[in-house]
Every structure is written in structure tokens, then in C-alpha cells.
Amino acid sequence: MKLNKYCLLFLIILSFNPWIHGQDQDKKEDLDNIKKGIIVQRIETIAENNETENIDLSTIFDELMFYLNHPINLNRTSFEELQALYLLTDIQINNLMQHIEKYGKLMAIYELQSIPGFDIEAINEIRPFVSVKRDLDQPNLNLEELLKNGNNELTLRLTRTLEEMEGFSDIADSLLEENPNRRYLGNPNNYYLRYRYKYSNKISLSLIAEKDPGEEFFKGTQQQGFDYYSAHAYIQDFGLIKQAVIGDYQIEFGQGLTAWNSRAFNKSGGDVLGVKRNARKIRPYSSVNENTFFRGAAFTLGISDIELTGFLSRNRYDANILDISDSTGNEIITFSSLQTSGFHRTPNEIEDKGSITQNHMGGRVAYNKGRLNIGVSSITRIEDDIANPNIRLDNQFLTIEEVQKTSTNFGLDYNYVFKNINVFGELSRNIYGGLGQLHGILAALDPRVSIVAVYRNYPLDFINISSNQLRESRVSGEIGTYFGLDTKISKQWKLSLYYDQFRFPWLLYQVDGPSKGVEYLAQLTYKPNKKAEVYLRYREEIKQRNRGESADYIDKLNDRSIRSLRFNTDFSITDEVRLKNRVEFLHYNDYDQNEFGYLIYQDLVYKPFDYPIDFTGRVALFDTESYDSRIYAFENEVPYAFSIPAYSGTGMKLIGLIRYNLSRKVTFWFRASQTYFSHQTVIGSGLNEINGNTRTDIRLQCRLKF
């Protein structure tokens, strides 16, 4: 690899700026920047192990932004509301509740220091999202109150790639007539519309509409305008009604084995203890991912210590449908795979749209008494038409439930907190066989040392397409054990470790035999003050896969390893200027491949106090030998847009994001990015191919509050 040594030297020098500038960071804090920085940090923690560019975290972003603007009153809150922050463990929440029950309501936020599990760092992390108030009066809900204090928000967005892609270029009519799928039907613009009304955390109304690049708009196959629409009406905490929603929503039960179709924490260096799921039961849906939600109605009722949740959904999903015949000549409808991209740009993609109809129904009965929570849940899926999956050697044991027109899963989940120990888990079984299970323990061994251990076992005949549990690969055919350790060496230093070992008793894609693997991570974090943080992270993953020597017979397996070393700094030079730097090296080894890659970037955040404008910029240098040695990195974006691209090849990327507050009610964002590849003359492939070595993307967004 060739490396620009001057750029590298410059960026590494910047990495040591926390020591160059010293630790006299006692000036007045820009609380708004700190709040938004915490949100970005939490989103990045969730996103860093979702190695895909098509991630959508709008629902989580919505919740964090709400609590940012409407802090939780710790004197009038619930266990579940504090779990929604993703910032506290169940042990910390339990200790807080017991403290208030024993000593009365809190007098000030820093009274938390007297509660086990709450040190200055933990308090500072949650402080932007919580408050301490002794006035517990609640306003009377009526039409005047809802109109006066409800928040209306309208967001409009336009996104476009400036370079012409193959799918939008001119083509002879004769060639297009011969193959209609050689060009996209619509224009290259991406349109996004979002309306949201919210009153406190009690009422939410939302409408989302999106058109992807290449999709038609108010013509052809899209006479109704946008290709995708989503809406919901949601209420919370109205008498016996804990939650109720009509429209699009997501379900979260237990530890995700039985029913969980929203995103959740997985293994993460930023939060090694966060592998435990904190289920919210019902979440209103406000994202643009077209395949991860239910459409219908759901409710949760609370009567004393008993909670009852029920849901009903009917939705259509994209799938690649194949018409084949059996040995007797009868036609069989099969699908090779479910389509999750949400793109409907060509006749073939439009044909796959909504080709499978699924009905879901189910619910959960839970007993909540103090520190004990036990729930029994079920979910039933009913197909309108039997659509058989395309059976392959590697998935023949994993399709028992999919080939049935009706299938049901039952689950039993538990959660118990005793002093500084939290035990949790779930058992789930499909009616056609297969008992999946997950059991874990989270313990605070010392105010400075916490551990977590989780055992999971998902047998081959355990299958549930509506689950999202802790796992390395897929829903079934996996056995693993996870260990995590978080220790505060001192006030400034923290060490985080995790080790995960797993094995697969049957074949996987490109793995022609039973296999196993391990993954471990170590992260050392130094935080000298509130405005500076530095961490060094080492991560290694070893999995078995085919050597690739044989295309006709079962292949031999070998170990494939990915090792990465990251040095990350984040600090404020002044109250208005913040710098973030990352240097990451990656080593990929797989039988006859031995590759190296690096990514170096420098972020600059400038937010002046006296001007209604702020700027975020990035300069990134990257060099990888192939896509196998790619490196993912979270990028700053406009609200409700999320980008975690894979840096691959050799080149440089420039990003600029400007936010302008025209008034308290009107805000504009403009984002432009350009990626330059030094050794390429073509970017992308197929209809997304760009003839050249640069790609430029622009995004314009406007938000109106009224």
C-alpha cells in the first residue's frame, strides 16, 4: 500500500491534541452540542456492528431526540421509560427506584452519587435526558392543550448523485424494447417527506413517504406518487391503556427469540454490557425500511401487576418469485429469497414488489412485581398462499416453518434483579419443533467492575422470521457463549472487553460443513474531562469458510480472520470547535489472501454561539486491497438519514454538512460529499455504474415546526 506520509503525519499529530491543548476545559459548556453529541455517540454505538449502508435508525433517533427536548423527571418515571434511554442498566434503574422508595423523592440530580452504580461519569451521561422536579401535577388533556403544546414537524428532503449512472443514461429504443430491465424507469432523485405530531410521550401521529432513485413518481407504475408510504397513530399511558397503535408498528418481546422485528444492540465495543435486550412491547414505526414492520393494530393494557399485549398485522413483502414445475408437471410457486432493498426501479423489481402476503397475530401476558418480570408470548404467521422457499443444501433444515401455511412460536421470558445481579433470558419453541434458548447474567461486582455472560442455543429446527436475538449469523443453527467485562480503572481510564465463541452444526452459505469461530475485542478509553475522549480498540474475528478450490464438490474449510486496530480521538478545542479523528488499520487473511487496509479521517465541527449556522466536515483517506478488506465508518448526516458506508479501494472522501436555522421554526440542512478513487476509471457495477473516478452526492433538507 502506498501512503501519503504527510497527510498521515498531520492527522496523527491532531490525534494527540487532547494532551497538546491540556486539560483546562472549565469554560462554559455548550449544552446543546453535548446533548447532540451524546445522541450521535449512541447511534454510532448501535450502528457500528450493522455493516450495511442501508441502515435506518429513525425510531431510536426519534426517542433520544424526544428525551433530549423533554427530559424524564426522575421523581415521576417508570422502569421501562428509563430503559428506553439505552444509557442505564437494569441494576442501576432498580437501585434508583429503591432509593426513591426508601428515602423519598430526589432533591437534586447529583443526589444520584449516593446511589450504588451512579458515579459522576454515569450522571453526566444521562444528565441531558433527565431532570429532578418535585412538581408532579400533570396538565388536563383536552383539545386546547393538545393544540397548544403539541409539536408538529414537517421534513422534506431531496437527494441526488450528480454523476450519471448507467441506469439513467440514454439507450436505443430497440435495445430497451429487447430488455426493459436495462434502464431505470424513473429519475435519479430521492424524495422524502415526513410529518409528525407529538404531544409529550403520550400521543404520536406520523406519515412517511419516500421515492428511491430510479423509481417512477406520479406516472407509470407509481400513479399514487411515492413508492412507499407509512403512517401510524399511537397513544401511551391513558388509564388502563399502556400503549395502543393503529398503522405501522414494531413488536419487541423478551430477548427477541419469539417476536422482535425492530433493531437492537448486538456486540459492540462502545457498550460491551449492552447485549441484553430491553423490550418495549410496541413501538410506533417511522422509518423507511420497507420490510421490517407490521401493519395493523396493537395494544398493551395494564391491570395491577398484569400486562396484556395483543397485535394483528397484514402486510405484503418483496420476494424473488420463481415459477417451476415438479416431476409431474404441476406448477410450483417458489421464492429464491426475500428482497429487503425496497427498490422498485425496473420491471423485474416491480414484479417482486409485495409478492408475498403475510398475516401475523399474537400477544404477550406479563407479570411485573417489583424486580421480577415474567412473560409468556406467542406469534402466529399465516400465509395467504403457500410460497415454498428455494431449498438448498445449506438451508434444508432451516425451512420447516417457512414451508407451512400457518406456523406459531411460543416464548417464555424472564428478568429478575437482586441487589447488584440481573438474570434474564428466554425460551422459545416453534410448533413444528426446535427449542431456542438464551440465558444471561449481568452483575456489578464492584462500583468499578461489571460483567455480563450470555449463553445461546438455537437448534437447526428452530426458525422464526420475526425474531432478532443476540446472534453471530442467523436465527437458527447456532450455539454460542458471550462474556463481557467493563471496568473503570480510574476516573479517567476505562477498559472494556468481550469474548464470543460460537459454532454452527450445519452448513452455511459458502461454508460446506459444520464450523466454528471466535470474536474478541479490547478497548481502552481515556476521558480526562467532559470535552475530551480517546480510545484504542483491537478487534479480531475468526470464522471458518470454504477455501474456494472446488465449485462442483463439497469444499474444504479454513480459518478466515479479520483483525482491526483503531485509534479514535474526540475533543473540543474551544466551546465552538470540536475535532474528531480516527486512524484504523485492518488485516484480512483467508487461505490464499493476505490483505491490508487503512482508513484515516479528520472531522471538524464548528458551532458558533452567536450565529444561526453550524458546519461539520470530514476529510478521509482510505486504501484497501479489495472489498474483502473494507472498513466501515459512521458518517454525520441530516436528521433521519443514516450512512455507514464501506470504504474500499484507494482514494479520498470529502464531506460537508451545513445546518442553518432560519428561525426557531425553520431549519435547513445541506450536505455534499465527493469520493475520489485514484486507481479506478469506473465506480460501481451494473445499472449503478459510473463512468469515471469520482462520485458526488448532495442532500438538501428542510424542517418546519409549527
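The values are calculated or read from the model by the stated rules, or taken from the named source; none is laboratory data. Keep in mind it's a predicted model, so treat the numbers as computed, not measured. Positions of Cβ are backbone-derived with ideal geometry, glycine not excepted, and every protein chain shown enters the neighbour counts.
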Can you confirm whether Leu654 is closer than 23 Å to Lys211 by Cβ, surrounded by fewer than 19 Cβ atoms within 10 Å (Cβ to Cβ), under 28 Å from the mean Cα position of the chain (by Cα) and not aromatic (Phe, Trp, Tyr)? no
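Scan the strands (runs of 3 or more DSSP E) fully inside the range 595-706 and keep the ones with 3 or more residues being in contact with a Pro (Cβ under 6 Å, 6 or more places away or on another chain).
Here the list is empty.
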Residue list for the range 673-683, filter: among the aliphatic types (A, V, I, L, M) and surrounded by 13 or more Cβ atoms within 10 Å (Cβ to Cβ): Ile683
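Among the residues of the range 485-512 satisfying the criterion of being touching a residue at least 24 places away in the same chain (Cβ under 8 Å) and of a type in the set (Phe, Trp, Tyr), which is nearest to Val452 (Cα to Cα)? Spell out the reasoning first.
Step one: of the range 485-512, the residues touching a residue at least 24 places away in the same chain (Cβ under 8 Å) are 485-489, 491-498, 500, 502-512.
Subset that is of a type in the set (Phe, Trp, Tyr): 493, 498, 502, 504, 506, 509.
Values: Trp493: 20, Tyr498: 9, Phe502: 16, Phe504: 23, Trp506: 28, Tyr509: 31 Å.
Applying the filter and picking the extreme gives Tyr498.
Rundown of residues vs (1) among the small types (Gly, Ala, Ser); (2) closer than 29 Å to Lys531 by Cα; (3) at pLDDT below 95, yes/no style:
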site	(1), (2), (3)
Val577	no, yes, yes
Tyr601	no, yes, no
Val605	no, yes, yes
Ala633	yes, yes, yes
Asn636	no, yes, yes
Phe642	no, yes, yes
Ser663	yes, yes, yes
Do you know which residues across the range 200-216 are crowded, with 19+ Cβ neighbours inside 10 Å and not charged (D, E, K, R)? Ser204, Ser206, Ile208, Pro213, Gly214
Regarding Asn181, is this residue of a type in the set (S, T, N, Q), more than 30 Å from Ala672 (Cβ to Cβ) and loosely packed, with under 12 Cβ neighbours inside 10 Å? no
Inter-residue pairs, beta-carbon under 6 Å, first under 28 Å from Ser466 (Cβ atoms) and in the range 411-422, second of a type in the set (Ser, Thr, Tyr), 6+ apart: Gly411/Thr258; Gly411/Ser377; Gly411/Ser428
Of the residues Glu81, Glu111, Glu125, which is out of contact with any Ser or Thr (no Cβ under 8 Å at 6 or more places or on another chain), in a helix (DSSP H, G or I), at pLDDT 70 or above and farther than 30 Å from Pro528 by Cα? Glu81
So if I check each of Glu125, Glu153, Glu121, Glu111, which one is over 26 Å from Val449 (Cβ atoms) and of a type in the set (Asp, Glu)? Glu153
Considering only strands (runs of 3 or more DSSP E) wholly within the range 454-555, the ones with at least 3 residues that are more than 30 Å from Asp592 (Cα to Cα) and touching a helix residue (DSSP H, G or I) at 6+ places or on another chain (Cβ under 6 Å) are none
Could you list, ordered by first residue, the pairs with Cβ atoms under 7 Å in which the first is in the range 215-243 and outside any loop (DSSP other than H, G, I, E, B) and the second is among the aromatic types (Phe, Trp, Tyr), at least 6 apart or interchain? Ser230/Tyr285; His232/Tyr249; His232/Tyr285; Ile241/Phe299; Gln243/Phe299
Neighbours by Cβ (under 7 Å, 6+ apart or cross-chain): first from the range 358-379, under 22 Å from Asn95 (Cβ atoms); second outside any strand (DSSP E or B) and among the β-branched types (Val, Ile, Thr): none
Among the residues of the range 177-186, count how many are touching a helix residue (DSSP H, G or I) at 6+ places or on another chain (Cβ under 7 Å) and in a loop (DSSP other than H, G, I, E, B). 2
Assuming Phe504 fulfils every condition listed in (1) over 28 Å from Ala259 (Cα atoms); (2) buried (at least 16 other Cβ atoms within 10 Å of the Cβ) apart from one, which condition is it? (1)
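From Phe642, Phe670, grab the single residue that is surrounded by fewer than 18 Cβ atoms within 10 Å (Cβ to Cβ), among the hydrophobic types (A, V, I, L, M, F, W, C) and either in contact (Cβ under 8 Å) with a residue 60 or more places away in the chain or within 27 Å of Ile573 (Cα to Cα) (or both). Walk me through how you get there before you give the answer.
On the way: Phe642 fails: surrounded by fewer than 18 Cβ atoms within 10 Å (Cβ to Cβ).
The conditions single out Phe670.
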The conditions are (1) exposed (fewer than 15 other Cβ atoms within 10 Å of the Cβ); (2) under 30 Å from the mean Cα position of the chain (by Cα); (3) part of a helix (DSSP H, G or I), and Ser174 fails exactly one of them. Which is it? (2)
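One line per residue, one yes/no per condition, for (1) among the aliphatic types (A, V, I, L, M); (2) within 25 Å of Lys353 (Cβ to Cβ); (3) over 18 Å from the mean Cα position of the chain (by Cα); (4) surrounded by fewer than 22 Cβ atoms within 10 Å (Cβ to Cβ):
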{"residue": "Phe238", "(1), (2), (3), (4)": "no, no, yes, yes"}
{"residue": "Ile241", "(1), (2), (3), (4)": "yes, no, yes, yes"}
{"residue": "Ala244", "(1), (2), (3), (4)": "yes, no, yes, yes"}
{"residue": "Ala264", "(1), (2), (3), (4)": "yes, no, no, yes"}
{"residue": "Asp271", "(1), (2), (3), (4)": "no, no, no, yes"}
{"residue": "Asn278", "(1), (2), (3), (4)": "no, no, no, no"}
{"residue": "Ser287", "(1), (2), (3), (4)": "no, yes, no, no"}
{"residue": "Gly296", "(1), (2), (3), (4)": "no, yes, yes, yes"}
{"residue": "Ser304", "(1), (2), (3), (4)": "no, no, yes, yes"}
Scan of the range 136-171 for residues that are closer than 30 Å to Asn691 by Cα, surrounded by 10 or more Cβ atoms within 10 Å (Cβ to Cβ), without any contact (Cβ under 8 Å) to a residue 60 or more places away in the chain and not polar (S, T, N, Q), ordered by number: Phe168, Ile171
In the range 450-475, residue nearest to Phe424 (Cα to Cα) [restricted to those that are at pLDDT below 95 and aliphatic (A, V, I, L, M)]: Leu470
